[in-house]
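Step one of this worksheet: look at the structure below.
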Amino acid sequence: QVHLVESGGGLVQAGGSLRLSCALSGDIFSLDHMGWYRQAPGKQRELVATITPGGAPRYADSVKGRFEISRDTAKNTVNLEANALKPEDTGVYYCTADGRAGHDRDRFEAWGQGTQVTVSS
C-alpha cells in the first residue's frame with residue numbers, strides 16, 4: 001500500500017509564498033505522474049499542477065507563472081512552490097501519484113489527506 005503525506009500548508013498574507021511537500025512511502029516500484037490538486041470551500045477539486053516522469057510540468061492557467069512543481073524521484077517526493085499567493089488560492093491542497101507498487105508491481109493511484117492553505121487579503 002502506498003501512502004502520501006502532505007506538509008507545508010498554513011496561513012499566509014496575499015503576495016506571500018508557501019512551499020508544499022508530499023512524501024510517498026510504501027513498496028513503490030516506479031512512479032509515473034505526480035501532481036497537486038486543490039479544493040476550495042463549496043467547489044469541486046481542481047488540478048493545480050502535474051509533472052511527468054521525465055519532469056515536464058503542466059499548470060492550471062490560474063497558477064501559471066506563480067507556482068512551480070518539482071519532483072525528486074530518488075526520495076519519492078513532489079513539491080509545490082506557491083508564490084504571489086492570492087485569496088482565491090485558498091483551499092485544501094492534495095498531492096497525488098500513480099505508478100506501480102507491491103510484490104506484483106500492480107498499478108496504483110494514491111492521494112494524500114490534504115493540507116490547508118489559507119491566503120488572507
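Before moving on, here are some points about what is shown:
- Being in contact with an Asp or Glu (Cβ under 6 Å, 6 or more places away or on another chain), of a type outside the set (Gly, Ala, Ser) and modelled with pLDDT under 95 is true of PRO53.
- When GLY9, GLY42 are screened for being farther than 12 Å from ALA110 by Cβ, under 12 Å from the mean Cα position of the chain (by Cα) and of a type in the set (Gly, Ala, Ser), only GLY9 passes.
- Tally of residues being open to solvent by 30 Å² or more (accessible area, probe 1.4 Å) and not charged (D, E, K, R) across region 109-121: 6
- Filtering region 16-33 to residues that are crowded, with 17+ Cβ neighbours inside 10 Å and under 18 Å from GLY102 (Cβ atoms) leaves LEU24, ILE28, LEU31.
- Residue pairs whose Cβ atoms lie under 9 Å apart, separated by 6 or more positions or on different chains, with the first residue in region 103-121 and free of Cβ contacts under 8 Å to residues at least 12 places away in the same chain and the second among the aliphatic types (A, V, I, L, M), are ARG107/ALA101.
- Selection of region 42-100 for residues being assigned to a strand (DSSP E or B), polar (S, T, N, Q) and either surrounded by fewer than 14 Cβ atoms within 10 Å (Cβ to Cβ) or without any contact (Cβ under 8 Å) to a residue 60 or more places away in the chain (or both) yields THR50, SER70, THR77.
- Subset of region 24-41 (residues that are more than 21 Å from GLU81 (Cα to Cα) and part of a strand (DSSP E or B)): SER25, ILE28, PHE29, SER30
The values are calculated or read from the model by the stated rules, or taken from the named source; none is laboratory data. Here the structure is a predicted model, which means the values were calculated and not measured. Cβ: placed from backbone, ideal geometry, glycine included. Neighbour counts: every protein chain shown. Protein only, heavy atoms only, side chains kept; ligands, DNA and RNA dropped before computing areas. Shrake-Rupley method; radii C 1.70, N 1.55, O 1.52, S 1.80 Å.
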